[in-house]
Amino acid sequence: MSMRLQASRGIAATEGKRLSFAHSASAFRAASAYLAGGVSSNVRSTPAPHPLVIEKAEGAYVVDADGNRLIDYYGGMGPIILGHNDARIGRAVSDQLDKVVLAAGQSAIEIEAARIFCKMVPCAERVRFNISGTEADQAALRIARAATGRTKVIKFEGHYHGWVDSVLWSNAPGLEDAGSAENPTPVAGSLGMPASSGAEIVVLPWNDLPLLEARLRKGDIAAVIMEAAMCNAAAIKPREGYLEGARRVCSETGAILIFDEVITGFRVAPGGAQQVFGVTPDLAVFAKAIANGFPVAAVAGRADLMELCAKSVLHAGTYNAQPLCMAATLATLQLLQDGSLHDGIAARGTRMMAAFTEIFDEKGMPARVTGFPQVFHLALGVSEPARDWRDVLKSDRQLYRRFSTELLFNGVRALERGVWFLSAAHDHKVVDDTLEIVRGVVKSL
Ligand SMILES: Cc1ncc(COP(=O)(O)O)c(C=O)c1O
């Protein structure tokens, strides 16, 4: 199918025609004979009516197997900060492809990427690169346990730190399993996890400083790991003083404070949420926006902690700092470091957030818009501010699913869980087109 035809179908989407996803549907049925569940990651199986086959992506758009040109707010689930297939990143990667793909040695681009990284991120005196956020989170926890000689880790309800057994506890628990708000029952995030994998995890509600302080004062906690703003399930900011309080009590009790900035890192500001909120953790984990879609993650932090990796703490990985990925990382960080792209996205994102509030107000439908202009969350059926995971559960998620499905049929691809990722390619025209479609869909809800 020619790009011309694809583009014209996309324009039709903004003219009110309902899109068809028949080719994606039949490809998904065929895929299910080979790929378990038809996908390679469970989070890709949820979008209604079925996962789409994406053939091309450019700027703020993706083009699917049916030739639909959709305005995209998945952002690859967060990494796409510059826009899809940014030519500057593509050139850096293809130049590197001519030089070396993998030599298991050091490279000048890795060293330069590390230098810029440490300049941008407040806590980063040292950094190590990984491939996925999941493994970088594991590295941070290992370093914290080695440094403190303790094993217990506090994590929070609704926060996600990767899909492995040791941390996949209470990431999205239902109320029926979750116990009391003050003393939640750890809930396994998957079948197949031994109960022993949660033995070192203490689950607390997020954004409640007295509860966190009381638990830390027992003096047996190796690390507190949190999303500094809860962006995976929603986009909830910390209560005033919460991060500062957590910082202070961690220092007083000898626990390592870890910010999981896999979503917020390089997205909400050049130095991530720690820059925005002015609170510096001991260690932090980054991924997603660090390389605009290439698989790169990083653990970073205080030199004395990170240097344990040079001694008795094993941190390894065949593909760590893979040269093509480092070329993408270096080029992305160079573009993000002065913050002007973040400011541009902020202008458009702020306009979108305000317009969403207005559209639902006009309709007389309760809605809540929270977060940052570069990544925000829309919840329906609720209007009071969300503080934690249990507040996320109060929203009308079935209605939201109907809303996001209707958006898709009208040309806007937005995540069913309510999170909207903007990129530098989402210009005012893209925002205008999106708002027109959203207005139409809300009218019909
Ligand atoms: C906050 C957070 N931490 C960790 C991860 C895991 O990262 P990855 O999927 O790269 O393993 C994610 C993934 O979405 C995340 O949102």
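The values are calculated or read from the model by the stated rules, or taken from the named source; none is laboratory data. Every value quoted in this text rests on a predicted model; they were computed, and no experiment measured them. Counting neighbours? That spans all protein chains shown, and the Cβs are built from the backbone with ideal geometry, glycine included.
Considering only region 244-289, how many residues are part of a helix (DSSP H, G or I) and out of contact with any Leu (no Cβ under 7 Å at 6 or more places or on another chain)? Talk me through it step by step, then tell me what you get.
Filtering region 244-289 for residues part of a helix (DSSP H, G or I) gives 244-253, 272-277, 288-289.
Filter once more, keeping what is out of contact with any Leu (no Cβ under 7 Å at 6 or more places or on another chain): 244, 248, 251-252, 272-276, 288-289.
Qualifying residue count for the region: 11.
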Point to revise | Scope region 44-77; condition acidic (Asp, Glu) and not in a loop (DSSP other than H, G, I, E, B); matching residues | key: Glu55, Glu58, Asp64, Asp72
Review point. Inside region 418-445, can you point out the residues that are touching a Ser or Thr at 6+ places or on another chain (Cβ under 8 Å) and either closer than 13 Å to His377 by Cβ or at pLDDT below 95 (or both)?
Key: Gly418
Check your understanding: So which residues in region 328-381 are more than 30 Å from Arg91 (Cβ to Cβ) and either of a type in the set (Gly, Ala, Ser) or touching an Asp or Glu at 6+ places or on another chain (Cβ under 8 Å) (or both), if there are any at all?
Key -> Ala354, Ala355, Gly364, Ala367, Arg368, Gly371, Ala379, Leu380, Gly381
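Listed here are the residues, each with its yes/no results for (1) in contact with a Pro (Cβ under 7 Å, 6 or more places away or on another chain); (2) farther than 30 Å from Ala104 by Cα; (3) assigned to a helix (DSSP H, G or I); (4) not assigned by TED's automatic domain parsing to the domain that holds Arg128.
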| position | (1), (2), (3), (4) |
| --- | --- |
| Leu308 | no, no, yes, no |
| Ala316 | no, no, no, no |
| Cys325 | yes, no, yes, no |
| His342 | yes, yes, yes, yes |
| Met353 | yes, yes, yes, yes |
| Asp361 | no, yes, yes, yes |
Practice item. Would you please name the residue that is nearest to the ligand (Cβ to nearest atom), looking only at residues in region 68-83 that are crowded, with 21+ Cβ neighbours inside 10 Å and either within 28 Å of Thr318 (Cα to Cα) or over 23 Å from the mean Cα position of the chain (by Cα) (or both)? Key: Gly78
Review point. Restricted to region 272-320, and to residues that are within 13 Å of the ligand (Cβ to nearest atom) and within 15 Å of Arg247 (Cα to Cα), which residue is surrounded by the most Cβ atoms within 10 Å (Cβ to Cβ)?
Key: Ala284
Study note, to complete from the structure: Checking Ala108, Ala144, Ala104 in turn, the sole residue that is assigned by TED's automatic domain parsing to the domain that holds Asp304, among the hydrophobic types (A, V, I, L, M, F, W, C) and either within 25 Å of Pro47 (Cβ to Cβ) or within 16 Å of the ligand (Cβ to nearest atom) (or both) turns out to be Ala144
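Return the residues of region 371-415 that are of a type in the set (Asp, Glu), surrounded by fewer than 18 Cβ atoms within 10 Å (Cβ to Cβ) and modelled with pLDDT of 95 or more; say none if nothing qualifies.
Of the residues in region 371-415, the ones of a type in the set (Asp, Glu) are 384, 388, 391, 396, 406.
Add one more test, that the residue is surrounded by fewer than 18 Cβ atoms within 10 Å (Cβ to Cβ), and what stays is 384, 396.
Asp396 - this is the single residue of region 371-415 that is of a type in the set (Asp, Glu), surrounded by fewer than 18 Cβ atoms within 10 Å (Cβ to Cβ) and modelled with pLDDT of 95 or more.
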Practice item. Name every residue in region 156-185 that is within 16 Å of the ligand (Cβ to nearest atom) and on the phi > 0 side of the Ramachandran plot, in order of residue number. Key: Gly158, Gly162, Ser170
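Can you tell me which residues in region 128-154 are among the β-branched types (Val, Ile, Thr) and surrounded by fewer than 19 Cβ atoms within 10 Å (Cβ to Cβ)? Show your work before the answer.
To start, the set of residues in region 128-154 that are among the β-branched types (Val, Ile, Thr) comprises 131, 134, 143, 148, 151, 153-154.
Once the filter is applied, which keeps residues that are among the β-branched types (Val, Ile, Thr) and surrounded by fewer than 19 Cβ atoms within 10 Å (Cβ to Cβ), region 128-154 yields Thr148, Thr151.
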